[in-house]
Amino acid sequence: MNNQDDEFILVATVGKPIGLKGWAKVNSFTRPPENLFNYKNFFIDEDGTKKVFKIKKFSKSGKNYIFKIDSFNSLEEIERFKNKEIFINSKDLPKLKENEFYWKDLIGKEVKLEDGTLIGVVIEMIETGSDDVLVVEKENQKELIPFNFGKVIKKVSGNLIIVDWHI
């Protein structure tokens, strides 16, 4: 998830249509995937403009999640949104506890060692299954640093992340 917009957050994509009545698979990027349905207002980019839509119904179908957009009642209506990205407004994100961060808020921060040595700037995040990983770049060199708060990540404030990391 690179170059994240500050106003809109990418949370899913529309998958292939299911049936004839406007249902489609949804590929959720939220963790866990069903958290996607905690939000009320969604946006799809159409010709450079984010247009709001409401999910009328959602369901689990085997390993997949499916949904129906309010007012879509046919295969043809949902088909034109296949592979489109689904966004939420960042204002709708839940408030986080202390020392919890959204990826979008970490990208662009400087990363320094505890002695003040600059490692670089966070350019993206990688989900690995255990700890998320900061991708830090300086002079076209990339360093991968696990986002393990307390052990590796010592402090996050303003535009700075302090780490205990050996490079």
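Miscellaneous remarks
- Cβ-defined net charge surrounding residue 23, 9 Å radius [Lys, Arg +1; Asp, Glu -1]: +4
- Report note on the peptides 36-45, 7-16: ranked by the mean count of other C-beta atoms within 10 Å, highest first, their order is 7-16, 36-45.
- Bridges between two residues of the chain, per DSSP, are antiparallel at a rate of about 90%.
- For P(r) over Cα pairs in 10 Å bins from 0, in percent, computed directly from the structure shown, the correct entry in [x] 10, 42, 38, 10, 0; [y] 8, 28, 22, 22, 14, 4, 1, 0; [z] 9, 33, 26, 19, 10, 2, 0 is [z].
- Cross-link pairs exceeding 27 Å in C-alpha to C-alpha distance, out of 63/142; 63/91; 54/155; 16/56; 16/109, comprise 63/142; 63/91; 54/155; 16/109.
- Label-reachable residues, the stretch 25-69, where backbone N falls under 14 Å from a point 7 Å from residue 76's Cα toward its Cβ: none
- Spatial separation of Cα centroids for the stretch 78-127 and the stretch 30-63, in angstrom: 19
- Unit Cα scatterers, Debye sum, the stretch 8-91: log10 I(q)/I(0) for q = 0.25, 0.26 Å⁻¹: -1.38, -1.49
- Relative contact order %, the stretch 8-91, counting alpha carbon pairs below 8 Å whose residues are six or more apart: 44
- Percent of Cα-Cα distances greater than 18 Å, calculated over the stretch 103-163: 24
- Under 9 Å, Cβ to Cβ, from residue 152 - net charge with Lys/Arg +1 and Asp/Glu -1: 0
- Nearest-20 debye value, the chain charge dipole, Cβ charges on Lys, Arg, Asp, Glu: 1000
- Length-normalised contact order for the stretch 103-163 - Cα pairs under 8 Å, 6+ apart - percent: 29
Readers should treat all values here as calculations from the given coordinates under stated rules, not as data from a laboratory. On a predicted model such as this, the values are computed, not experimentally measured, just so you know. Note that we place each Cβ from the backbone using ideal geometry, even for glycine, and neighbour counts take in every protein chain shown.
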